[in-house]
Each structure stands twice: as C-alpha cells, then as structure tokens.
Amino acid sequence: MTSALGIQHSALFEPVIGLEIHAQLLTETKIFCGCSTRFGAPPNTNVCPVCLGLPGALPVMNEEALRLTALAGLMLGCDIPEVCKFDRKNYFYPDMPKNYQISQYDLPFCLGGVVPLHDLAYPKDAQKSIATKDKQIRLVRIHLEEDVAKSFHMENSTGIDFNRAGTPLLEIVSEPDIAGPDEAFAYLSVLQQLVVYGGISDADMEKGQLRCDVNV
C-alpha cells in the first residue's frame with residue numbers, strides 16, 4: 001500500500017509475532033482435585049471445594065498431568081529441569097474464585113525447544129511461496145497451570161460455569177520468531193497436530209480445548 005506521500009508502507013513495518021498456546025490436557029480429572037473434566041456436563045456440576053476455591057480446601061497434584069506435560073516437552077525438544085515449582089498468579093476476576101491462578105513462572109516444567117514448520121502446515125495457497133523453508137520457531141518454555149471458569153455474557157447479566165475451572169492446562173510460549181500470518185497458521189497447525197497424535201490433548205478449538213493468545 002502507498003500513502004499520499006508515495007511511501008511504501010510494506011517497507012516500513014515488519015511483523016514480529018509471538019504466540020502463547022493453551023491446550024487442555026487429556027486427563028479424566030482436574031489438575032488438583034478428582035472432579036471430572038468431561039465436556040458438556042450441566043453447568044456447575046463437575047465442581048468441588050478445591051476447584052471452587054473454598055476456604056480450607058487443599059490441592060492434590062494430578063500425576064497424569066505431569067506425565068503429559070513432560071511428554072509434550074520431550075516431543076518438542078525441551079529441557080526438563082530437575083526442579084520446577086508452582087506460583088500464585090494473583091488477579092481479581094469472576095472466572096477464578098480464589099482470586100489467584102495456580103500457574104508457573106520462573107521455574108517452569110519445560111525450557112527451550114523448537115516447533116518445526118513443515119510445508120504442509122501452511123495454508124494451501126501459501127505452500128508454493130514459503131518465505132523461509134524448514135523454519136523452526138524457538139520456544140521460551142512450556143508450563144502447567146489450572147484453567148479458569150467459562151463466562152457467558154447475556155444482555156443484562158453474566159453467568160459463570162465452573163466446570164472448566166481447574167482443568168489442567170498446558171501453556172506453550174514461543175519466542176517472537178513468527179514473521180507473518182502464514183507462519184502463525186503453520187505454527188498453530190503443527191502444535192495442534194503434535195498434541196493430538198501424542199495423546200496430550202484433543203485440541204478441539206470449538207470446545208475451547210486449544211486457545212491462542214497473540215503478541216504482535
């Protein structure tokens with residue numbers, strides 16, 4: 001596109017993109033309690049004092065969530081540190097009744113790793129003009145956290161379904177290595193394919209099992 005001054009805008013701007021992918025892990029129960037993670041249950045039926053954040057409730061770690069996180073890290077070439085820890089991410093929002101989310105920050109479960117962008121992961125109309133063949137997107141980390149509840153916004157009110165709260169959630173954080181929408185598409189496609197074939201997540205975006213935060 002050319003402005004009134006005749007300046008080529010495409011020459012002035014270079015997209016720099018990093019993605020944070022959230023994938024619900026394929027476990028039968030939530031990350032810190034025994035409530036079911038089954039999708040489609042009636043609202044607020046798969047809940048207990050732990051995932052509702054009631055006073056005095058204590059979390060108990062889901063071993064399968066740890067195994068699937070480690071598996072994802074190994075499939076992506078991450079380093080698995082000998083020590084990791086969980087942190088409290090404090091914020092006030094109605095989808096998290098404790099007013100904090102149990103997550104990870106400085107000592108996550110997995111460090112580094114790469115996501116290879118193979119040709120068939122790109123959109124079909126972009127596969128013949130891939131800018132950088134066999135590009136690899138570096139990862140910062142993969143960490144484990146609990147998912148939050150689901151909000152339903154009506155005309156004059158908001159409803160909260162806590163069935164999803166506490167579902168184990170994998171967060172895959174990339175370096176800002178993605179140079180355009182086609183690469184972002186390929187990156188997300190590769191990760192979706194990997195977690196599905198690895199039995200790590202169903203990654204059904206229609207069910208909210210795979211979600212993406214974009215930093216541009």
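The values are calculated or read from the model by the stated rules, or taken from the named source; none is laboratory data. Source: prediction; values computed, not measured. Here the Cβ is made from the backbone with ideal geometry for all residues, glycine too, and neighbour counts use every protein chain on show. The accessibility values were calculated without ligands, DNA or RNA, using every heavy atom of the protein model including side chains. Shrake-Rupley method; radii C 1.70, N 1.55, O 1.52, S 1.80 Å.
A few notes on this one:
- Residues (buried (at least 18 other Cβ atoms within 10 Å of the Cβ) and farther than 27 Å from Ile17 by Cα) located in the range 134-158: Ala149
- Which listed residue, of Val173, Val214, Val148, is within 19 Å of Val114 (Cβ to Cβ) and out of contact with any helix residue (DSSP H, G or I) (no Cβ under 6 Å at 6 or more places or on another chain): Val173
- Residue in the range 101-112 that is at pLDDT 95 or above and open to solvent by 60 Å² or more (accessible area, probe 1.4 Å) present: yes
- Check on Val60, open to solvent by 20 Å² or more (accessible area, probe 1.4 Å), part of a loop (DSSP other than H, G, I, E, B), out of contact with any Gly (no Cβ under 7 Å at 6 or more places or on another chain) and in contact (Cβ under 8 Å) with a residue 40 or more places away in the chain: no
- Candidates Pro42, Pro55, Pro94, filtered to the one that is at pLDDT 95 or above and open to solvent by 70 Å² or more (accessible area, probe 1.4 Å): Pro42
- Residue list for the range 136-171, restricted to those being of a type in the set (Lys, Arg) and more than 20 Å from the chain's Cα centre (by Cα): none
Here's the yes/no breakdown for (1) of a type in the set (A, V, I, L, M, F, W, C); (2) over 25 Å from Asn46 (Cβ atoms); (3) open to solvent by 40 Å² or more (accessible area, probe 1.4 Å); (4) at pLDDT 95 or above:
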{"site": "Ala121", "(1), (2), (3), (4)": "yes, yes, no, yes"}
{"site": "Thr132", "(1), (2), (3), (4)": "no, yes, yes, no"}
{"site": "Glu171", "(1), (2), (3), (4)": "no, no, no, yes"}
{"site": "Tyr187", "(1), (2), (3), (4)": "no, yes, no, yes"}
{"site": "Asp204", "(1), (2), (3), (4)": "no, no, yes, yes"}
{"site": "Lys207", "(1), (2), (3), (4)": "no, no, yes, no"}
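- Highlighted here are the strands (runs of 3 or more DSSP E) found entirely within the range 74-163 that include at least 2 residues which are under 19 Å from Ile200 (Cα atoms): 114-116, 136-146.
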